[in-house]
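Chemist: Quick one: the structure is below, questions incoming.
The values are calculated or read from the model by the stated rules, or taken from the named source; none is laboratory data. Only a predicted model underlies this, so the values are computations on that prediction, with no experimental measurement involved. Heads up, the Cβs are rebuilt from the backbone with ideal geometry, glycines too, and the neighbour counts pull from every protein chain shown.
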Amino acid sequence: MVKSALKLITVNEFITQYGDHDNYELIDGELIAMEPTGPHEQVSSLIGRKLNVEIDHHDLPYFIPHRCLIKLLGTDTAFRPDVIVLDQTQLINEPLWQQEPVITSGKSIKLIAEVVSTNWQNDYARKVEDYALLGISEYWIVDYLGIGGREYIGKPKQPTITICTLVEDEYQKQLFQNNDQIVSAIFLDLKLTAKQVFIV
């Protein structure tokens, strides 16, 4: 991700001006240009497809929107996750949903997956903290290039999926690499290995 040289803007200004543009998110009032590669989009798409199969198979009241922002209340931050699974039974409590695809409550979110690119520090640090504070029960950090810091993915660095599961108000992290079977607290019957996700 490349930071643009624009002035700081509020989250409401961001939603009005950039809400329909998938290639931006806002962090502390700073506009962040997102420039995903083809492989990044392949990995995001595969995760969404696998999770949709589980949603359909178990007839769960969840769905994966094509476009969605997470507005962090009390801040000028709005994240645009690569994959987000929403609980449609909770959307009645979302004040903005009927007008625009903006989520403000962690109760509406079952799972988020972020596919790591050049902004890996945001995925491993900033978003871990913010998503935990929001109460999002499961957060996947999908580092298909193995570019995260060694303190996050180990040594030697290699492609890794970190699944963060919320316990009270902090994430417990589990790393999955190579042929490790991914363990999800939301999708208990998911049959997927880390290697299958790293299709590129």
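Chemist: Would you tally the residues in region 1-59 being among the charged types (D, E, K, R), within 17 Å of the chain's Cα centre (by Cα) and at pLDDT 90 or above?
Modeler: Of the residues in that region, 4 qualify.
Chemist: Can you tell me which residue within region 118-141, out of those that are touching a helix residue (DSSP H, G or I) at 6+ places or on another chain (Cβ under 6 Å) and farther than 18 Å from ALA78 by Cβ, is modelled with the lowest pLDDT?
Modeler: TYR124
Chemist: Follow-up. Look through region 160-169, keep the residues that are more than 13 Å from ALA113 (Cβ to Cβ) and either among the hydrophobic types (A, V, I, L, M, F, W, C) or at pLDDT 95 or above (or both), and return whichever of them is surrounded by the fewest Cβ atoms within 10 Å (Cβ to Cβ).
Modeler: So, considering only residues that are more than 13 Å from ALA113 (Cβ to Cβ) and either among the hydrophobic types (A, V, I, L, M, F, W, C) or at pLDDT 95 or above (or both), the one surrounded by the fewest Cβ atoms within 10 Å (Cβ to Cβ) is VAL167.
Chemist: Report yes if ILE9 is assigned to a strand (DSSP E or B) and surrounded by 14 or more Cβ atoms within 10 Å (Cβ to Cβ), otherwise no.
Modeler: Judged against the criteria, ILE9 is not a match.
Chemist: In this structure, is ILE15 among the aliphatic types (A, V, I, L, M), out of contact with any Leu (no Cβ under 6 Å at 6 or more places or on another chain), in contact (Cβ under 8 Å) with a residue 24 or more places away in the chain and in a helix (DSSP H, G or I)? Explain how you work it out, then say what you get.
Modeler: Details: among the aliphatic types (A, V, I, L, M): yes; out of contact with any Leu (no Cβ under 6 Å at 6 or more places or on another chain): yes; in contact (Cβ under 8 Å) with a residue 24 or more places away in the chain: yes; in a helix (DSSP H, G or I): yes.
So ILE15 fits the description; yes.
Chemist: Under the condition of being in contact (Cβ under 8 Å) with a residue 12 or more places away in the chain and of a type in the set (Gly, Ala, Ser), which residue from region 39-61 is surrounded by the most Cβ atoms within 10 Å (Cβ to Cβ)? First the steps, then the outcome.
Modeler: Applying the first criterion (in contact (Cβ under 8 Å) with a residue 12 or more places away in the chain) to region 39-61 yields 39-40, 42-44, 46-48, 50-52, 54-55, 57-58, 61.
Still in the list and also of a type in the set (Gly, Ala, Ser): 44, 48.
On the way: SER44: 19, GLY48: 17.
The extreme case among them is SER44.
Chemist: Taking region 102-132, which residues are touching a residue at least 60 places away in the same chain (Cβ under 8 Å) and in contact with a strand residue (DSSP E or B) (Cβ under 9 Å, 6 or more places away or on another chain)?
Modeler: In the first step, residues of region 102-132 are kept if they are touching a residue at least 60 places away in the same chain (Cβ under 8 Å); the result is 102, 110-111, 113, 115, 117-119, 122, 126.
VAL102, LYS110, LEU111, ALA113, VAL115, THR118, ASN119, ASN122, ARG126 - these are the residues of region 102-132 that are touching a residue at least 60 places away in the same chain (Cβ under 8 Å) and in contact with a strand residue (DSSP E or B) (Cβ under 9 Å, 6 or more places away or on another chain).
Chemist: Of the conditions (1) out of contact with any strand residue (DSSP E or B) (no Cβ under 7 Å at 6 or more places or on another chain); (2) at pLDDT 95 or above, HIS66 satisfies every one except a single condition; which number is it?
Modeler: Among (1) out of contact with any strand residue (DSSP E or B) (no Cβ under 7 Å at 6 or more places or on another chain); (2) at pLDDT 95 or above, HIS66 violates only (2).
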